[in-house]
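One structure below.
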Amino acid sequence: MDYLKLALEKKDEAIETLSKLVEFKSVLDKYNPNSDAPFGSGNKEALNFMLELAKNDGFTTKNVDNYAGHISYGSGEETIGVLGHLDVVPVAGQNWKSDPFKAEIRDGKLYARGSEDDKGPVVAAYYALKILKEQNIKLNKEVRIILGCDEESGSRCLTRYFSQEKMPELGFSPDAEFPVIYGEKAAASYYLNLKEEEGIILDFVCGTRLNIVPATAKMRLSIDLEKEYMEFLKLNNYQGEYKDGYYYAYGVASHAMVPQNGLNAAFILFEFLNKYHKTKISEYFVKYLTFDPFGKKLGINIYDEDMKELTENVGLVNMIDGVLKVGINYRIPVDNYLTRIEDAYSKSFANNSFSFELIDSCNLHYVPKDSFLVQTLLKSYQEITGDVTTEPFTIGGGTYAKFIKNCVAFGPQMPGTPDVCHIADEYIEIDAFVKSIAIILKALCDLGR
């Protein structure tokens, strides 16, 4: 079977479907478990769009309370789960060249929020399944494309879904990189509560999600440092401005699993304040947090040969009732590490009215590199791309793969290409998009026979 030829025949149709899907503004508004749109209307509409599309194409579908749903093909005692998500991260504070919720194709790339993370891969998986059906390829397992609506904000969608539906015996999540990702770091998020007792920082607003390096931040002070701020920006070649009583800083967004690839806007403001009018909070930030993606300042840096280094992302900083609430996300290469982090916080808080609280955490996820699942997926990738040198690896990101014991992340980003998830001008390369359809098609055939 010529998998790539079959995928190419679906290219225009798949691009049209993806172009429609990215128009849904499926960004979490406010979680409301009592609503028929628990994660917002855009998320519900995106889910129903995919389920209706599949139903019209003759697939069996199910919607689980607008939390998640599935598209099913074939039957068997075992189920292959293909886990993707339809929610996307916000675009606030990002400078896009085109409308982030309208597909724009230029230079062989489709630009839109969600094109790479994760609507493009969802559509690729769907067209792989559609080819299976149209070619009447019989498998000995059921295939379920499982679509969630809350991956970027805690995955409450799949928690609800799997409370009602069976857990697949094996599967993959097309929500990371090729060739295969067989391990995902443990994760934890904390709030630090830093009491402002000196009356210097009157307001601070920064960040939208814990899993994004914030590209914008603004701060209001009780003292006038406008002249000093402009000098500071120029001296350090930072981007920012002073307007309407606020000091603005502009950095570079990045995914929280690679904070070293971004420039945290909040750090610019705290470095400035600490230089020109030191406060307890600015001193704490500079001593323990700023420009330190690996937790070295807190003494929590750790490296594992297989799972690599710990990463630290300060994703949220907001002044609330005189307390600076700082949200920090960690990707951790070992399990049972929270005590080390919390001991470091307690030690760093000495003589300050500061505290911390754990928001959430999850354990490391690992599937052996030599397992049937990993090796089958690897061979599918190799056959379609011809790349036999790139090895499976581990990441700091967290995907839906963690929900299933025998599940890994598989695509869509090709080796050696930029990571454009969570940033302005997110895109998916159309050639890679078509190859993803072929790779997933080949993988489903080999896993399901």
Mind checking which strands (runs of 3 or more DSSP E) fall wholly inside region 63-168 and carry at least 2 residues that are surrounded by fewer than 20 Cβ atoms within 10 Å (Cβ to Cβ) and over 22 Å from the mean Cα position of the chain (by Cα)?
104-106
Go through (1) modelled with pLDDT under 95; (2) closer than 22 Å to residue 323 by Cα; (3) touching a strand residue (DSSP E or B) at 6+ places or on another chain (Cβ under 6 Å) and name the single condition residue 256 misses.
(2)
Buried (at least 23 other Cβ atoms within 10 Å of the Cβ) and over 17 Å from the mean Cα position of the chain (by Cα): does that describe residue 249?
yes
Does region 258-277 contain at least one residue that is in contact with a Phe, Trp or Tyr (Cβ under 7 Å, 6 or more places away or on another chain), β-branched (Val, Ile, Thr) and free of Cβ contacts under 8 Å to residues at least 60 places away in the same chain?
yes
Enumeration of residues in region 424-449 that are surrounded by fewer than 24 Cβ atoms within 10 Å (Cβ to Cβ) and hydrophobic (A, V, I, L, M, F, W, C):
424, 430, 432, 434, 445, 447
May I ask you to say which residue of 342, 309 is modelled with pLDDT of 95 or more, under 22 Å from the mean Cα position of the chain (by Cα) and charged (D, E, K, R)?
309
Quick count over region 414-449, residues being under 29 Å from residue 169 (Cβ atoms), out of contact with any helix residue (DSSP H, G or I) (no Cβ under 7 Å at 6 or more places or on another chain) and not small (Gly, Ala, Ser), is 4
Test residue 408 against the stated conditions and say whether it is modelled with pLDDT of 95 or more and either assigned to a strand (DSSP E or B) or not assigned by TED's automatic domain parsing to the domain that holds residue 371 (or both).
yes
Limited to region 363-390, what total is found for residues that are surrounded by fewer than 18 Cβ atoms within 10 Å (Cβ to Cβ) and not in a helix (DSSP H, G or I)?
11
For region 187-230, which residues satisfy the criterion of being under 30 Å from the mean Cα position of the chain (by Cα), part of a strand (DSSP E or B) and farther than 16 Å from residue 330 by Cα?
193, 194, 203, 204, 205, 206, 216, 217, 218, 219
Scanning region 401-422 for residues that are surrounded by 24 or more Cβ atoms within 10 Å (Cβ to Cβ) and aliphatic (A, V, I, L, M), the one nearest to residue 17 (Cα to Cα) turns out to be 409
Exclusive hit being among the aliphatic types (A, V, I, L, M) and out of contact with any helix residue (DSSP H, G or I) (no Cβ under 6 Å at 6 or more places or on another chain), set 145, 181
181
Here are some residues: 419, 431. Which one is under 14 Å from the mean Cα position of the chain (by Cα) and acidic (Asp, Glu)?
419
Test for residue 331: is it assigned to a helix (DSSP H, G or I) and farther than 30 Å from residue 223 by Cα:
no
Of the residues 300, 341, which is in a loop (DSSP other than H, G, I, E, B) and surrounded by 15 or more Cβ atoms within 10 Å (Cβ to Cβ)?
300
Any idea which of 161, 246 is outside the structural domain of residue 399 (by TED's automatic domain parsing) and on the phi < 0 side of the Ramachandran plot?
246
Can you work out which of the residues in region 174-186 that are in a strand (DSSP E or B) and of a type in the set (Asp, Glu) is surrounded by the most Cβ atoms within 10 Å (Cβ to Cβ)?
184
For residue 272, are the conditions met, namely being under 26 Å from the mean Cα position of the chain (by Cα) and modelled with pLDDT of 95 or more?
no
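The values are calculated or read from the model by the stated rules, or taken from the named source; none is laboratory data. Treat the numbers as computed from the prediction; the structure is a model and nothing was measured. Note that we place each Cβ from the backbone using ideal geometry, even for glycine, and neighbour counts take in every protein chain shown.
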